[in-house]
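One structure is given here, and the rest of the page talks about it.
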Amino acid sequence: MRMKDLVGGPMPIAKEIAEMIEKSSWIRKMFDEGAMMKARLGDEAVCDFTLGNPFQEPSHRVINRLRELVLDDASGTHKYMQNAGFPWVREKIAEHLRIETDQSFTPNHLIMTVGAGGGLNVILRAICDPDDDVIITAPYFAEYIFYTANHRARAIVVETDEHFQLIPEKIKEAIGPKTRAVLLNSPNNPSGAVYPEEALAQLGEILREKSSEHNRPIFLIMDEPYRKLLYDGVKVPWVFGYYDQSMVVTSHSKDLNLPGERIGYVAVNPKDQHAEALINAMVLTNRILGFVNAPALFQRLVAELQAEECDMSIYKKNRDILVNGLSDIGYNVISPKGGFYLFPKSPDSDDEKFTEALKEKNILVVPGKGFGRAGYFRVAFCLSTDVCERALLGFREVYKGCGISQKS
Ligand SMILES: Cc1ncc(COP(=O)(O)O)c(C=O)c1O
């Protein structure tokens, strides 16, 4: 059934949700076509770069610890706990954050969440009044638009520069009396950009000034599920030293390869004078959004694994093969500093037409318009290296077809 039939039709679906389905119908179309293509040609024949779903399994350490925990039948193991999560788990994470950030984290600054996605919804529900503005930067993680709408807030989109770095002045211009938060993602999906200390420091200045001008705190929310997925010795600075009204939301979907298990947390800056009120609000929103608490088993698992490093060897190999291969062909691509996505310029200014042409070569990528920046495309390289190598021929043929002269 076409979505047109749903909007205003007899189907019992909320108008706003029907419109969201309509708006994101190209995502569904892309996944449906990809699935059909794989069914027709076999998984091996399709180079599917559409999903940010890590192909690697959790490490042996993670699996072995999980085995031990499953066999632990101490009483109370599977019961509800405080909505913020097990106190001892939060203490373990607080301990890790104290070492990492030099800030005085306690369990009372933390709430365990159903992944970063759950955490973002818990935060936005707690801080947004209807029609509040949440500033995001393009290109953005597409779900931000829906998450803000979930809580009757408006996403205000501000562009980044040609290297996908923040333009603090532009963020400043976008701030008004309704601005409740600035939501940033570093390392960035889809661009791979990491925001340096100077950018956070500048932004902190701006937010202090604007919060006092409008007489309401503007929160800085850092969404950091790719914090440990880094290249070239780059480090992701912690925001806490630059702005008191800040929080970090993260998960172990990508660094421990556990996206299906839905485990993450929100950390509120201990220096935020409203920290207690914020955590209390999030305890409530975690409950009333129906999450109740983050999965007990996985809270217990990740408590012990905060210092675990992420094996970047395959991602680095994939990144280099694709960045070098695509650049040699002539694509304009910035090498990502973190995460596992590339966001090259589409050689055809119509990114949808370009992704359609790639599809003819059995290569699936996502058009940039889905991330708020048309004229680009996203390649998720969290898959096996041979797929990256295989795809280069198709990328070359489609590039040639776009009628742009290649580099030598
Ligand atoms: C930028 C960003 N934020 C949040 C999420 C949600 O991650 P989680 O699986 O932790 O909900 C993702 C997932 O791809 C992401 O890319």
- Of all DSSP beta bridges in the stretch 80-303, what percent run antiparallel (nearest 5)? 30
- Query: Once you treat every alpha carbon in the stretch 80-303 as an equal point and sum by Debye, what is log10 I(q)/I(0) at q = 0.13, 0.16 Å⁻¹?
  - Reply: -0.70, -1.11
- Given the stretch 80-303, what count of lysine pairs have C-alpha atoms under 25 Å apart, with each pair 8 or more places apart or on different chains? 16
- Query: Per residue and in cubic angstrom, what volume does the convex hull of the Cα atoms of the stretch 243-399 have?
  - Reply: 160
- Task: Would you mind checking the tilt of helix 197-214 against the longest principal axis of the Cα atoms of the chain, expressed as 0 to 90 degrees and rounded to 10?
- Result: 60
- Query: About its Cα centre, what dipole magnitude does the stretch 102-195 give when the only charges are +1 on Lys and Arg Cβ and -1 on Asp and Glu Cβ, stated in debye to the nearest 20?
  - Reply: 320
- Using 0.36 nm per residue, how much length does the chain from SER104 to SER24 gain when fully extended, once their Cα-Cα distance is taken away? 24.6 nm
- Query: Tell me, in nm to one decimal, what length is gained between ASP32 and ASP72 on full extension, where the rule is 0.36 nm per residue of separation less the Cα-Cα distance?
  - Reply: 10.3 nm
- Give, as a single signed number, the net charge of other residues whose beta carbon lies under 10 Å from the beta carbon of GLY325, with Lys and Arg counted +1 and Asp and Glu -1. -2
- Sequence-separation-based contact order of the stretch 80-303, relative, with Cα cut under 8 Å and 6+ spacing, percent: 28
- Query: Could you give the distance between the Cα centres of the stretch 205-235 and the stretch 109-175, to the whole Å?
  - Reply: 11
- Message: I want the antiparallel fraction of DSSP beta bridges within the chain, as a percent rounded to 5.
- Response: 40
- Just SER211, SER186, SER24 to compare: in a GNM of the chain, with alpha carbon springs under 10 Å, which one fluctuates most? SER24
- Order of ARG216, ARG180 from fewest to most other C-beta atoms within 10 Å? ARG216, ARG180
- Apply the Karplus parameterisation 6.51 cos²θ - 1.76 cosθ + 1.60, with θ equal to phi minus 60°, to every residue of the stretch 103-118 and state each ³J(HN,Hα) to the nearest whole Hz, in sequence, with x for glycine and proline. 10, 8, 5, 10, x, 6, 9, 10, 9, 6, 10, 7, x, 6, x, x
- Note on the structure: Rounded to the nearest 10, the angle in degrees between the Cα long axis of helix 87-101 and the longest principal axis of the Cα atoms of the chain comes to 70
- Message: Need one number for the chain: average projected area of the convex hull over its C-alpha atoms, nm².
- Response: 21.4
- Quick one: what are the phi-derived ³J(HN,Hα) couplings along the stretch 241-248, Karplus 6.51/-1.76/1.60 with θ = phi - 60°, whole Hz, x for glycine and proline? x, 9, 7, 5, 7, 10, 8, 10
- In order over the stretch 181-192: 3J(HN,Hα) from phi, Karplus 6.51/-1.76/1.60, θ = phi - 60°, whole Hz, x for each Gly or Pro, gives 7, 10, 10, 10, 10, 9, x, 8, 9, x, 8, x
- What nm distance separates the two modelled labels at ASN324 and HIS60, each placed 7 Å from Cα along Cα→Cβ? 3.0
- Least to most buried among HIS151, HIS109, HIS78, by other C-beta atoms within 10 Å and fewest first, runs HIS78, HIS151, HIS109
- Item | Footprinting exposure proxy for LYS23, LYS337, LYS316, LYS92 (fewest neighbouring C-beta atoms within 10 Å first) | LYS23, LYS316, LYS92, LYS337
- Note on the structure: Longest principal axis of the chain (C-alpha) makes with the long axis of helix 275-288 (C-alpha) an angle, in degrees to the nearest 10, of 70
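Laboratory data are not the source of any read-out in this text; all were calculated from the coordinates shown. The structure displayed is predicted, hence computed values, not measured ones. Cβ sites come from the backbone with ideal geometry, for glycine too, and all protein chains shown count toward neighbours.
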